[in-house]
């Protein structure tokens with residue numbers, strides 16, 4: 001009986017440990033330092049391979065640092081960017097910020113060092129000048145923002161940008177993060193050139209349903225041991 005009890009305890013601990021290891025926090029930083037081609041909708045596609053992540057995505061943020069290219073100055077209103085996941089999920093991070101009725105060019109600030117978070121917590125980045133923005137010594141926009149989300153063609157008429165969009169980071173929730181992620185950036189208007197310096201993908205995960213089942217089994221085993 002004692003040997004059986006010890007065996008059951010060992011099994012329960014193994015199951016519980018396996019389940020607990022299937023959740024966690026992960027961060028993937030990509031140093032780029034590449035110029036975003038000026039006035040070129042073909043843009044720049046950056047890939048990042050993610051592996052060894054347990055569970056499915058429960059929270060996600062993306063930090064993006066864009067500055068001025070050598071010999072030029074960035075112009076935030078020229079920029080378009082999106083993030084695509086390896087197993088579903090698509091978010092428009094930037095879509096010509098500031099463009100709208102009465103402003104056909106967008107904001108002229110020179111770059112950004114920002115973090116995009118899930119929709120609903122910070123202000124949307126598209127009209128950030130109306131949300132008490134802060135800037136660093138390089139003139140880059142800083143802080144945490146909700147993605148732009150607007151799925152309209154970045155070369156659409158200014159009025160097309162007045163209405164918000166739904167292509168947010170929420171679309172990645174519940175997906176498997178392992179695989180190749182793609183960050184696309186484009187400068188769709190001529191005259192100013194930006195450079196993407198770096199981007200960091202931060203992920204929080206929770207166990208898959210099968211892992212929760214392991215935890216349930218482990219819990220039942222532990223309860224049976226207590227009853228005995």
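Couple of notes before you dig in:
- Taking residues in segment 94-119 that are under 14 Å from residue 79 (Cα atoms), and partners anywhere that are at pLDDT below 95, the pairs with Cβ atoms closer than 8 Å and at least 6 places apart or on different chains are 95/165.
- Test: residue 121 is at pLDDT 95 or above, in the same structural domain as residue 194 (by TED's automatic domain parsing) and surrounded by fewer than 20 Cβ atoms within 10 Å (Cβ to Cβ): no
- Top-ranked residue of segment 45-65 - restricted to ones that are in contact with a helix residue (DSSP H, G or I) (Cβ under 8 Å, 6 or more places away or on another chain) and under 17 Å from residue 143 (Cβ atoms), ranked as surrounded by the fewest Cβ atoms within 10 Å (Cβ to Cβ): 61
- When residue 94 is tested against the conditions (1) surrounded by 19 or more Cβ atoms within 10 Å (Cβ to Cβ); (2) modelled with pLDDT of 95 or more; (3) in contact with a helix residue (DSSP H, G or I) (Cβ under 6 Å, 6 or more places away or on another chain), the lone failure is (3).
- Any hit, segment 146-159, residues being modelled with pLDDT of 95 or more, within 22 Å of residue 26 (Cβ to Cβ) and touching a strand residue (DSSP E or B) at 6+ places or on another chain (Cβ under 9 Å): yes
- Residues (assigned to a strand (DSSP E or B) and closer than 20 Å to residue 173 by Cα) located in segment 95-129: 115, 116, 124
The values are calculated or read from the model by the stated rules, or taken from the named source; none is laboratory data. Quick caveat, the model's predicted, so the values are computed rather than measured. Note that each Cβ is placed from the backbone with ideal geometry, even for glycine, and that neighbours are counted across all protein chains shown.
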